[in-house]
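The values are calculated or read from the model by the stated rules, or taken from the named source; none is laboratory data. Everything numeric here is computed off the predicted structure, so don't read it as measured data. Note that we place each Cβ from the backbone using ideal geometry, even for glycine, and neighbour counts take in every protein chain shown. Surface areas here come from the heavy atoms of the whole protein model, side chains and all, with no ligands, DNA or RNA. Shrake-Rupley method; radii C 1.70, N 1.55, O 1.52, S 1.80 Å.
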Amino acid sequence: QVQLLESGGGLVQPGGSLRLSCAASGSRLRDVGWQRQAPGKPRELIAAMNSAGDINYADSVKGRFTLSRDNAKNTAYLQMNSLKPEDTAVYYCHAPGPFYGSIRDFWGQGTQVTVSS
């Protein structure tokens, strides 16, 4: 099992930057990703990294967001640059269960990101 704790959300102006953190405990962080959910919209996968370090991004964030992992700190990060109002959402760190010996996925509690002037 793995526990995930996000931090780093907040209010930022359009064009600004934020960095979200996802601290893991209970297991070494391997496959990890970020998803987001805006009001009235389905949850959207925006970035995912496998244990080898390969990363995929949604087209909506490609070139602006960067997913990274610090193995020494057992923490994943999402660097978000050139933020737009449409990036406003609750952001969730996600660890797919099968990679952690579980049939269910693991989620953090979510952190709110609001992009507004």
Inset, instruction - Over the range 44-96, calculate the relative contact order: mean separation of alpha carbon pairs under 8 Å at least 6 apart, over the residue count, as a percent. - result: 22
Inset, instruction - Name the residues whose placed amide hydrogens come within less than 5 Å of the amide hydrogen of residue 31, ignoring near sequence neighbours (fewer than 5 apart) on the same chain. - result: 51
Inset, instruction - Determine, from the Cβ-Cβ distance of residue 59 and residue 11 and an R0 of 25 Å, the FRET efficiency 1/(1 + (r/R0)^6), rounded to the nearest 0.05. - result: 0.45
Inset, instruction - State the percentage of accessible surface on the range 40-84 attributable to carbon and sulfur atoms; use a 1.4 Å probe and exclude ligands, DNA and RNA. - result: 46
Inset, instruction - Rank 40, 97, 16 by mean-square fluctuation in a GNM of the chain with C-alpha springs under 10 angstrom and give only the top-ranked residue. - result: 40
Legend entry - Highest-MSF residue in the chain out of 55, 46, 103 [GNM, Cα springs under 10 Å]: 103
Inset, instruction - Using a 1.4 angstrom probe, figure out how much accessible area the chain has per residue, in square angstrom, rounded to the nearest whole. - result: 51
Legend entry - Residue with peak Gaussian network fluctuation, the chain [Cα springs, cutoff 10 Å], from 84, 62, 41: 41
